[in-house]
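Beneath this line is the structure, given in structure tokens, with notes to follow.
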Amino acid sequence: MSSATPTAPPDPPADATPEEIEADIEASRERLASTVDALTAKLDVKAQAKQKARETSERVRAGAQQAYQQGYERARSISPAVLGAAAGGVVGLIVLLVVLTRRFSNRS
């Protein structure tokens, strides 16, 4: 919490016209209303909690989006040669398993 107190504007001069005094009173009312609104907002714990939850949700959503984008870019950056080699390895392993399975089933 801030301990700084706003300084009040100076009072109107002694020779001020009624219109100037009324304008000063109106300005004081507006400042007071603004101060009351600010204090009311600070004391509204439920609204503060909702705002904090909204901010946290937005931050998490942005982080998830960034992580997804990084993963997508990383997956797209894998070279086709590497993908081809991996696919070839998988196919070779399947062929080896089929051959071994047939060989052992023919012996029984």
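General remarks:
- The GNM of the chain, with springs linking C-alpha atoms under 10 angstrom apart, assigns the highest mean-square fluctuation among Leu43, Leu32, Leu83 to Leu83.
- Taking only protein heavy atoms and a 1.4 Å probe, the accessible area of region 1-81 is 59% carbon and sulfur.
- In this structure the chain gives 90 Å² per residue of accessible area when probed at 1.4 Å with all protein chains present.
- Only one residue of Ala16, Gln66, Val45 has its Cα farthest out toward the positive end of the dipole of region 1-76, where Lys and Arg carry +1 and Asp and Glu -1 on Cβ, and that residue is Gln66.
- Angle between the chain longest axis and helix 80-107 axis [Cα atoms, degrees, rounded to 10]: 40
- Axis angle, to the nearest 10 degrees, between helix 18-43 and the longest C-alpha principal axis of the chain: 30 degrees.
- Per-residue 3J(HN,Hα) values for region 65-75, derived from phi via the Karplus relation 6.51 cos²θ - 1.76 cosθ + 1.60 with θ = phi - 60°, read 4, 5, 5, 4, 4, 5, x, 5, 5, 5, 5 Hz in sequence order (x marks Gly and Pro).
- Across Ala86, Ala75, Ala41, mean-square fluctuation computed from a Gaussian network of the chain (C-alpha pairs under 10 Å connected) peaks at Ala86.
- The P(r) of the chain has a tail past 25 Å containing 68 percent of all C-alpha pairs.
- Cα gyration tensor of region 60-108 - equivalent ellipsoid semi-axes, whole Å, descending: 41, 14, 4
- In the chain, a dipole from Cβ-located charges (positive for Lys and Arg, negative for Asp and Glu) runs towards its positive end, and of Gly88, Asn106, Leu32 it is Asn106 whose Cα lies farthest in that direction.
The values are calculated or read from the model by the stated rules, or taken from the named source; none is laboratory data. Every value quoted in this text rests on a predicted model; they were computed, and no experiment measured them. So basically every Cβ, Gly included, is an ideal-geometry build from the backbone, and we count neighbours across all protein chains shown. Remember, those area values only see protein heavy atoms, side chains included, never the ligands or the DNA or RNA. Shrake-Rupley method; radii C 1.70, N 1.55, O 1.52, S 1.80 Å.
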